[in-house]
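Reviewing the structure listed below.
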Amino acid sequence: MSHFRIAVIVGSLRRDSFNHQLALAIEKLAPPEFLFKQVPIGDLPLYNQDDDANQADSVKRLKADISVAHGLLFVTPEYNRSLPGVLKNAIDHASRPHGQSAWAGKPAGILGISPGAGGTAMAQQHLRNILACLDVPTLGQPEAFIQVRDGLFDEAGGIGIGSRPFLQGWMDRYVAWVTRHRG
């Protein structure tokens, strides 16, 4: 059986992050050959091009985790109608130095959850623009702008029964996307 390593990048550092909960819950909808690894980004220094020749150990770890992955899963909140700075910082680090991007060619999916009615629509759109520049083929449909509601997660930390059909459909499309793009 072939395995697919998926690097999961959560754009929230908050201890009780809804997006971290979503990342853990959505993994349970994937087939067993999909192996998800949360990639920490909270310990990265602020990106500074002067450091490209001598990247911090945390940056090297980030790039290594992405390099061995067959696919990417971004799960992001929305801050001020865009993606969080910590996520943009991680993206910048792993795309540098110029010509040595760890992101290029890795198929990606984007999810996000927010208490607001719009979910994370703007953050996801901004992230799609950035990933296009980095040559990351990104699943276009279905989009998933998820609002925090009672019952979204079940008691075991999985996706609740009411949201499961939609999110299982999203996962099925993501699995097909990564499988199709695997090099």
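The values are calculated or read from the model by the stated rules, or taken from the named source; none is laboratory data. What you see is a predicted model; the values in this text were computed from it and never measured. Neighbour counts run over all protein chains shown; Cβ positions are idealised from the backbone, glycine included.
Some observations on this one:
- Scoring residue 148 on the criteria (1) under 27 Å from residue 101 (Cα atoms); (2) modelled with pLDDT under 95; (3) touching a Phe, Trp or Tyr at 6+ places or on another chain (Cβ under 8 Å) leaves a single failure, condition (1).
- Within this structure, residue 103 passes the test of being aromatic (Phe, Trp, Tyr) and either under 19 Å from residue 42 (Cα atoms) or touching a Ser or Thr at 6+ places or on another chain (Cβ under 6 Å) (or both).
- Out of 120, 138, sole residue that is surrounded by 13 or more Cβ atoms within 10 Å (Cβ to Cβ), of a type in the set (S, T, N, Q) and touching a helix residue (DSSP H, G or I) at 6+ places or on another chain (Cβ under 7 Å): 138
- Boolean, residue 149 is of a type outside the set (Phe, Trp, Tyr), surrounded by fewer than 18 Cβ atoms within 10 Å (Cβ to Cβ) and part of a helix (DSSP H, G or I): no
- Where residue 69 falls short, out of the listed (1) among the small types (Gly, Ala, Ser); (2) over 30 Å from residue 50 (Cα atoms); (3) modelled with pLDDT of 95 or more: (2)
- Unique match (being in contact with a helix residue (DSSP H, G or I) (Cβ under 8 Å, 6 or more places away or on another chain) and more than 17 Å from residue 10 (Cα to Cα)) among 107, 77, 97: 97
- Set side by side, the residues 155, 143 differ, and just one is surrounded by 14 or more Cβ atoms within 10 Å (Cβ to Cβ), in a loop (DSSP other than H, G, I, E, B) and free of Cβ contacts under 8 Å to residues at least 40 places away in the same chain, which is 143.
- Taking each residue of the stretch 1-27 that is over 17 Å from residue 44 (Cβ atoms) and crowded, with 17+ Cβ neighbours inside 10 Å and looking for partners that are at pLDDT below 95 and among the β-branched types (Val, Ile, Thr) with beta-carbon atoms closer than 6 Å, six or more apart or interchain, yields 18/148.
- Restricting attention to the stretch 84-100 and to residues that are crowded, with 20+ Cβ neighbours inside 10 Å and small (Gly, Ala, Ser), the residue that is nearest to the chain's Cα centre (by Cα) turns out to be 90.
- For residue 113, the test of being in contact with a Ser or Thr (Cβ under 9 Å, 6 or more places away or on another chain) and either among the basic types (Lys, Arg) or buried (at least 21 other Cβ atoms within 10 Å of the Cβ) (or both) is passed.
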